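Any read-out appearing in this document is the output of simple, stated calculations on the displayed coordinates, not a laboratory observation. These numbers were taken from a predicted model, which means no experiment stands behind them. Cβ coordinates were reconstructed from backbone atoms using ideal geometry, including for glycine residues, and neighbour counts include every protein chain displayed.
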Amino acid sequence: MTNFWRTVQKNYFQHALSRTLLALIVCLPYQLGCALQTSAQETSSSFSQQFTKNTKEILQSGIEIERFSLHFRMESAKQPRFRRLRYFLSQEAASAGLLAFEVTGVDQFGVGRKRPLKLDPRPLRGSLAAATTTSIIASSGSMFELSSNVVQMLKNKKHGYDPKSANKYIASKLRHIDELLAQRDALLAANTNDPSYARVAAEGKILHDLRSSFVNEYSHFNADTSAYRTYQNMFYLLNASYNAIGALGANTAYRALARPHLNGTANVLFIVAGSMATVTPIISQAAGYYARRHAYTTLKKDVGASDFSPDQFAADLKNLETVSGGTEGSLIQSLPLTQRVAIYTQSNELFTKQLDSETKTMRKLEKVALQTSTLGPAIGATLLTQGILGTYGYYHYPIQPRKQINQYYCGAIVGTVGAGAAVIGNAASLLAGYSYEHKLSKQKKLPVQLIQQRLAHLDEIEKQVQTLQ
């Protein structure tokens, strides 16, 4: 009986062992497959997490550059409060004083060219005193505005918005982005067999494009700001100079009423002042152009700026949208936000055009208020002509007072046209500037308003980028 049970137990254990081995043989491939699949998923997940972290840092750095660029444009282009009005008043005073002298000159020289002894010096003395005083006011006004620009530049430097500090900041951010892009490219090269490779590669092209786009926008703002600031400062300096010479010329003419031998000197000073007034816009524009070129060159040297192609960027964005479609794209968490940042950046071209358009119009009105562009050379030419006629009359007809005064009379007529145009042009430009600014303000299209809107949009994107894990 005992042997019987031993035999049964032995056979049972042998069958059980056989069944266990059979089960292991059957289930092993399945379990191994499950383990490999789990490992592959973990590897893919790790791949996605690494790229997401890298992309998040790149996007955040890019957003910081974009935000700084917008603040740089807004702060460095800021104009002192009430500048337009106070500068108008100083220049209008000079134009009005000059017009008063010219009108008086036409009246008195008109009498003197027929009857020299009938010429009354008292009205001329009063008008020349007024012209001297108002020219000093105009010169002082330009020097005051130049000084206020220097103060603003010091404030900007304190906050890091001067060109040198700004370039240094941008360069440091770009170096960090370049390091991250290099790490990303190396990680991509080591995972060429990953299912997400195509999508990550397409995203990488967008990130490289974004890097170029951010530099392109900053370089544009930097060059534009440098050009206008240089143009404006040069104009203020030259305007102060020729108004000071004009004041000296008017004062010399005042003294010449008692000492006629000073008439030649007075008219030579008028020639110098008129010549400077004529070429001031040209010199200022040339200085601004040089500053723009210098800003681009300096930036390229400091940050290694690369060319940005909007067409290539649009093509890369379209490719990203194509390869990221489908369910598998969800494994790369950064893709949707990269696309959104790219779309935001793509709209930069339209934003920049609109900003430049409004800024250009406002600056054109400011330049007219500065008596540049169309008015400047024309007004300067009339004063130059008056000086030439006066000098010719004094030296060519030294002992023929009627002919001499006739040249003064003709010069006063030409000067009246120039001074009158200055008075009217100043007032018209002030009104046009305020009207246009009010219109833009109502439409929320003032340059500062456009920048603030873009900053608000950028803040929204940054909040979403920070959610990436």
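Taking other Cβ within 10 Å of each residue's Cβ, how do Thr132, Thr280 sort, fewest first?
The fewest-first ordering by Cβ neighbours comes to Thr132, Thr280.
Over all pairs of distinct alpha carbons, what does the Kirkwood formula give as the hydrodynamic radius of the stretch 273-314, in Å?
13.0 Å
Computed FRET efficiency, Cβ-Cβ of Arg67 and Arg255, R0 56 Å: what is it to the nearest 0.05?
Numbers: r = 60 Å, r/R0 = 1.07.
E(calc), rounded to 0.05, equals 0.40.
Would you work out if the stretch 54-465 is rounded, prolate or oblate? Take a ≥ b ≥ c from the square roots of the eigenvalues of the alpha-carbon gyration tensor; rounded if a/c is under 1.5, else prolate when a/b is larger than b/c, oblate otherwise. If you can, show how the numbers build up before the last one.
Details: a/c = 3.90, a/b = 3.44, b/c = 1.14.
Cα axes put the stretch 54-465 in the prolate bin.
Counting alpha carbon pairs within less than 8 Å and at least 6 residues apart, what relative contact order, in whole percent, applies to the stretch 180-277?
21 percent
Using only alpha carbon pairs under 8 Å that are at least six residues apart, calculate the relative contact order of the stretch 54-465 and give it in whole percent.
That works out to 26 percent.
Rg and Dmax of the stretch 376-469, Cα atoms, in Å?
Over the stretch 376-469's Cα set, Rg and Dmax evaluate to 27.8, 95 Å.
Tell me which residues come under 5 Å, amide H to amide H, from Asp162 once H is placed; ignore anything under 5 positions away on its chain.
Long-range HN contacts for Asp162: Lys157.
What does the net charge come to around Thr134 if you take all other residues with beta carbon closer than 13 Å to its beta carbon, with K and R at +1 and D and E at -1? Don't jump to the answer; show the numbers that get you there.
Working: positive: none; negative: Glu92, Glu102.
With Lys, Arg at +1 and Asp, Glu at -1, the neighbours total -2.
Taking every Cα atom in the stretch 91-177, find the radius of gyration and the maximum pairwise distance Dmax, and write them in Å.
Rg and Dmax of the stretch 91-177, Cα atoms, are 25.3, 83 Å.
Can you tally the net charge around Lys205? Count Lys and Arg as +1, Asp and Glu as -1, for every other residue whose Cβ sits under 14 Å from the Cβ of Lys205.
For residues surrounding Lys205, the net value is -2.
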